[in-house]
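The block underneath contains the structure these notes are about, expressed in structure tokens.
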Amino acid sequence: MVQSSVLGFPRMGKLRDLKKATEAYWGGKISRDELLAEGKRLRLEHWKIQQDAGVDVIPSNDFAFYDQVLDHHQLFGTIPERYSKYNLHALDEYFAMGRGLQKPAEGIDVPALEMVKWFDSNYHYVKPTLQDNQQYKLAAEPKPVAEFLEAKAAGITTRPVILGPVSFLTLAKADRGQTVEPISQLDQLLPLYAELLTKLKAAGAEDVQIDEPVLVFDLAEKNKAAFKPAYEKLGSLGASAPRITLATYFGDIVHNIDVLANLQSLHSIHVDLVRNPEQLDTVVAALGPNQVLSAGVVDGRNIWKTNFKAAIEKVENAIQKLGKDRVIVATSSSLLHVPHTLASEKTLDAEVRDWFSFAVEKASEVAVIAKAVTEGPAAVREQLEANAKSVQARASSARTNDPAVKARQAAVTADMHNRRSEFTQRLAEQTKTLKLPLFPTTTIGSFPQTKEIRIQRNKFTKGEITPEEYEKFIEKEIRDVVKIQEELDLDVFVHGEPERNDMVQYFGERLTGYVFTTHAWVQSYGSRCVRPPIIVGDVSRPAPMTVKESKYAASVSPKPMKGMLTGPITCLRWSFPRDDVHQSVQAQQLALAIRDEVVDLEAAGIQVIQVDEPALREGLPLRTGSERVAYLKWAVDSFKLSTAGVTDGTQIHSHFCYSEFQDFFHAIAALDADVLSIENSKSDAKLLRVFVDEKYPRHIGPGVYDIHSPRIPSEEEIKVRIEEMLQYLTPAQLNINPDCGLKTRGWEETKAALTNMVNAAKFFRAKY
Ligand code: GLN
Ligand code: ZN
């Protein structure tokens with residue numbers, strides 16, 4: 001029989017219960033025992049959901065109070081001394097590593113470990129951080145064993161999930177001031193894995209899922225070479241360890257397949273056949289005579305209902321080669337990246353609701369597919385028919401397909417991607433129109449989103465105030481920030497974005513082709529969740545989205561007013577995209593919509609327009625090579641298409657929340673933005689060297705102060721920063737701005753910081 005399996009389940013719960021409990025614990029509102037009890041309740045609930053759905057292989061140890069990678073720090077006893085020295089309760093020590101801890105009264109002040117994006121997802125994990133002379137010791141009560149036993153006590157047999165040794169070390173780094181090369185630690189770490197596996201087996205676990213997702217990367221030779229010996233060693237445990245399923249996801253493993261060939265210690269290998277169905281043949285060919293393929297055919301990264309017919313075909317294809325007992329139907333990755341359940345969505349339009357499937361529904365999908373291939377389609381005829389109907393309805397829906405959008409895309413020409421003239425000529429025009437001084441000062445767009453703004457927006461959303469009242473309120477906010485910018489003597493003004501809830505949602509709500517949910521939260525990091533909008537169909541702009549506010553701001557402002565838009569790639573990346581057309585097609589549709597907005601802003605008299613693309617980098621495919629080249633081409637084209645409709649005198653800005661451009665500098669340069677503002681205050685000014693080396697001709701505003709902290713930078717310190725930047729950039733090139741938008745800051749510190757920033761700019765203006 002063909003089994004069904006889930007690789008991991010979202011842990012927040014139906015109503016973000018875990019977030020609420022965790023934050024209540026942090027805030028001192030519930031006790032540690034109450035939090036632990038809530039975690040236990042959620043784990044049990046999630047196992048039951050999967051059991052009831054008919055899932056054969058249910059994961060455990062996929063739960064984490066903060067992050068599943070961070071859990072391994074406690075599992076292996078690799079807690080840096082700066083945390084362990086306080087002798088905190090294990091749970092508090094764990095949170096201290098995840099989010100830092102400041103308790104001045106108790107003399108505790110320690111920042112969090114570094115957190116970075118998990119592969120190309122929007123989930124962030126805590127980076128394993130190792131010391132020179134690192135000691136390793138398996139926890140006395142290993143969490144994977146405890147959670148396995150917990151499920152067992154509830155009558156549910158699970159397959160514990162752990163992060164594999166090679167991935168753990170490949171994702172790890174040496175701690176600050178340390179030089180240890182993580183992969184060199186393999187021999188010390190492996191005995192702990194062996195001990196853990198033995199304990200799991202003793203507890204009754206017949207199977208274990210060991211995640212080795214780094215197999216989808218281009219691996220360094222040393223890391224790649226670590227696989228074989230590691231798994232041969234674990235394999236030598238024989239019957240005293242559970243059977244190992246080695247799981248990979250978010251890419252193909254064809255380029256690393258040689259490390260898995262002849263690894264008889266692996267019972268099965270899991271691959272992502274949603275993202276890379278074409279790897280099936282190569283992986284099957286590499287399997288040993290008794291090895292099992294876990295076929296990831298239900299998408300763990302997106303919210304679409306699985307196309308049963310297509311998924312069954314993939315599975316049947318594998319069965320033909322391997323037989324029914326050597327194939328498992330699985331989710332492509334953990335379901336951590338999708339919302340909990342569609343059942344919570346009460347306001348979704350019925351037509352599109354029928355197209356979605358969240359974690360609870362996806363658990364049923366794997367079970368249905370497994371049953372279909374085991375017993376034959378007749379066993380699940382009803383489900384297959386209903387599914388075929390949904391798939392068909394989606395494919396032919398007027399909401400999916402808009403002939404006008406398609407016609408417009410077909411008419412896009414190469415010319416439309418290019419500004420009318422080269423930068424030098426544009427600059428000459430812009431100098432005439434904008435009359436900006438040397439070292440022009442500006443901000444990145446948002447000003448403090450005060451409590452009052454949130455209250456009024458809430459009232460407006462609930463219908464407690466009229467659109468006219470809300471508009472009056474927004475206009476007053478705009479007048480206030482214009483006045484403040486006048487007092488601060490900034491050079492290029494912004495309207496402050498008081499009307500925007502979120503930089504993607506705001507645009508999504510004004511575009512055709514998007515839908516929104518009420519409860520579809522996914523964990524971003526720790527207790528933080530995001531609720532991405534969903535692109536369901538061809539995207540177009542029925543009416544201007546930002547012109548009213550920008551025009552009003554310009555009408556009350558004596559200085560150039562910068563229009564503020566979110567770019568096509570960021571709109572795409574921070575939404576759930578469609579899976580029925582290529583992302584490049586969706587990006588182009590978004591680009592055309594934003595292009596119209598840019599042109600309308602210009603026509604309304606806005607001479608400076610900023611198109612933010614902070615998500616451009618995270619869309620970069622995980623491996624170098626053709627996929628990355630292709631991505632950069634369509635991503636850059638989308639940005640250019642969105643901005644190139646203006647005349648030479650209009651200044652196009654773009655903004656990025658980082659300054660590591662080394663691996664894709666040519667793409668940033670190719671955007672051809674007149675001014676690029678980037679995060680830089682916490683980075684090394686040396687990163688600007690690439691602009692010199694590559695003879696970047698246009699203007700740049702590297703952030704001169706950090707906006708993530710309420711701390712006010714002194715004028716002196718900003719001057720030092722500017723001085724450093726001038727080692728790399730010419731005075732004519734350098735714009736002065738903060739790192740990013742100011743929406744999370746308070747007004748007092750914002751005014752003080754900007755005063756110092758403007759004074760520092762004036763100092764250099766007088767000097768040059
Ligand atoms: N214009 C946006 C703001 O100022 C940019 C935010 C971002 O880059 N993440 O808030
Ligand atoms: Zn930013």
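FYI, it's all coordinate maths here, none of it is from the lab. Quick caveat: nothing in here was measured; it's all calculated off a predicted structure. FYI the Cβ positions are ideal-geometry reconstructions off the backbone, even for glycines, and counts take in every protein chain you see.
Among all lysine pairs in region 12-87 that are eight or more places apart or on different chains, how many have alpha carbons less than 19 angstrom apart?
Lysine pairs meeting both conditions in region 12-87 amount to 8.
Pull up all non-local amide H partners of Ser294: gap of 5 or more, or a different chain, and H-to-H distance under 5 Å with H placed in the peptide plane.
Under 5 Å from the amide H of Ser294 lie the amide H atoms of Ile269, His270, Val271, Ile328, each far enough along the sequence or on another chain.
What are the ³J(HN,Hα) values, in whole Hz, obtained from phi via the Karplus relation 6.51 cos²θ - 1.76 cosθ + 1.60 with θ = phi - 60°, for each residue of region 681-697 in sequence order, with x given for Gly and Pro?
5, 9, 8, 7, 4, 4, 4, 6, 3, 4, 5, 6, 4, 8, 6, 5, x
Evaluate the relative contact order of the chain (contact order divided by residue number), counting alpha-carbon pairs under 8 angstrom at least 6 apart; express in whole percent.
Relative contact order here is 11 percent.
Can you give the local net charge around Ile79? Use residues other than it whose beta-carbon is closer than 13 angstrom to its beta-carbon, Lys and Arg +1, Asp and Glu -1.
-2
Can you grab the distance from the C-alpha centre of region 125-140 to the C-alpha centre of region 524-598, Å, no decimals?
After rounding, the separation between the Cα centres reads 42 Å.
Roughly what % antiparallel, to the nearest 5, for the DSSP beta bridges in region 50-195?
55
Rounded, prolate or oblate: which fits region 41-178, taking a ≥ b ≥ c as square roots of the Cα gyration tensor eigenvalues, rounded meaning a/c under 1.5, else prolate when a/b beats b/c?
Judged from the Cα gyration tensor, region 41-178 comes out prolate (a/c at least 1.5, a/b above b/c).
When a footprinting reagent is the concern and you count Cβ atoms within 10 Å, what order do Asp663, Asp739 take, fewest first?
Sorted ascending by nearby Cβ count, the order is Asp663, Asp739.
May I ask what percent, to the nearest 5, of DSSP beta bridges between residues of the chain are antiparallel?
20
So which lysines pass the test for Lys324, namely a Cα distance under 24 Å, with those fewer than 8 places away in the same chain ruled out?
Lys309, Lys314, Lys362, Lys371
Quick one: which of Lys117/Lys686; Lys143/Lys199; Lys719/Lys762 span more than 18 angstrom between C-alpha atoms?
Flagged as over cut-off: Lys117/Lys686.
At a Förster distance of 60 Å, what's the computed FRET efficiency of Asp502 paired with Thr730, Cβ-Cβ distance as r, to 0.05?
So the FRET efficiency works out to roughly 0.95.
So how far, in whole Å, is the C-alpha centre of region 696-768 from the one of region 315-352?
First find each Cα centre; the distance between them is then 49 Å.
Among Val180, Val145, what is the fewest-to-most ranking by other Cβ atoms within 10 Å?
The fewest-first ordering by Cβ neighbours comes to Val180, Val145.
When Cys740, Cys571 are ordered from fewest to most other Cβ atoms inside 10 Å of their Cβ, what list results?
Least to most surrounded, the residues fall as Cys740, Cys571.
Return the calculated 222 nm mean residue ellipticity for the chain, to the nearest 500 deg cm²/dmol, obtained by summing -39500 (n - 2.57) across DSSP H runs with n ≥ 4 and dividing by the residue count.
-12500 deg cm²/dmol
Give the angle, between 0 and 90 degrees and rounded to the nearest 10, that separates the Cα long axis of helix 715-725 from the longest principal axis of the Cα atoms of the chain.
Helix 715-725 sits roughly 80 degrees off the main axis of the chain.
Using modelled backbone amide H atoms (1.01 Å from N, in-plane), which distant-in-sequence or interchain residues come within less than 5 Å of Ser60's amide H?
So Ser60 has HN proximity to Arg159, Val161.
Near Val271, within a Cβ-to-Cβ distance under 13 Å, what is the net charge of the other residues, with Lys and Arg +1 and Asp and Glu -1?
Result for the neighbourhood of Val271: -4.
Region 415-460: which trypsin sites (Lys or Arg not before Pro) are DSSP loop and have at most 14 other beta-carbon atoms within 10 angstrom?
Within region 415-460, the qualifying trypsin sites (Lys or Arg not before Pro) (loop, at most 14 other Cβ atoms within 10 Å) are Arg420, Lys435.
Any idea how far the Cα center of region 468-494 sits from the one of region 1-53, in Å?
Here the answer is 45 Å between Cα centres.
Treat every Asp and Glu Cβ in region 389-476 as -1 and every Lys and Arg Cβ as +1, leave all other atoms uncharged, and give the resulting dipole magnitude about the Cα centre to the nearest 20 debye.
Value, rounded to 20: 320 debye.
Listed here are the pairs Lys152/Lys222; Lys435/Lys767; Lys152/Lys173; Lys305/Lys633; Lys432/Lys483; Lys432/Lys695; which of them are more than 28 Å apart at the Cα?
Over 28 Å Cα-Cα: Lys152/Lys222; Lys152/Lys173; Lys305/Lys633.
Seen from all sides and averaged, what is the projected area of the convex hull of the Cα atoms in the chain, in nm²?
32.8
Mind checking the angle between helix 467-488 and the chain's longest principal axis? C-alpha axes, 0 to 90 degrees, to the nearest 10.
Relative to the chain, helix 467-488 is tipped by roughly 70 degrees.
Can you give me the long-range amide H partners of Asp211? Hydrogens built in the peptide plane at 1.01 Å from N, cutoff under 5 Å, separation of 5 or more residues or another chain.
Amide H neighbours of Asp211: Ile162, Leu163, Gly164, Ala247.
Give the cross-link partners of Lys548 among the lysines, using a straight C-alpha distance below 18 Å as the criterion and excluding same-chain residues fewer than 8 apart.
Counting by Cα, and skipping residues close in sequence, Lys548 has these lysines nearby: Lys472, Lys476, Lys559, Lys562.
Taking θ = phi - 60°, what integer Hz values does the Karplus form 6.51 cos²θ - 1.76 cosθ + 1.60 yield along region 140-146, in sequence order, with x for Gly and Pro?
In residue order, the calculated couplings are 4, 10, x, 4, x, 6, 4 Hz.
Decide, for region 156-288, between rounded, prolate and oblate: order the square roots of the alpha carbon gyration tensor eigenvalues as a ≥ b ≥ c, take rounded if a/c falls under 1.5, and otherwise choose prolate if a/b is larger than b/c, else oblate.
Cα axes put region 156-288 in the oblate bin.
Short version: ³J(HN,Hα) in whole Hz for each residue of region 359-376, in order, from phi by Karplus 6.51 cos²θ - 1.76 cosθ + 1.60 (θ = phi - 60°), x for Gly and Pro, what are they?
Couplings: 4, 4, 6, 5, 4, 5, 4, 4, 5, 5, 4, 4, 5, 4, 7, 7, 9, x Hz.
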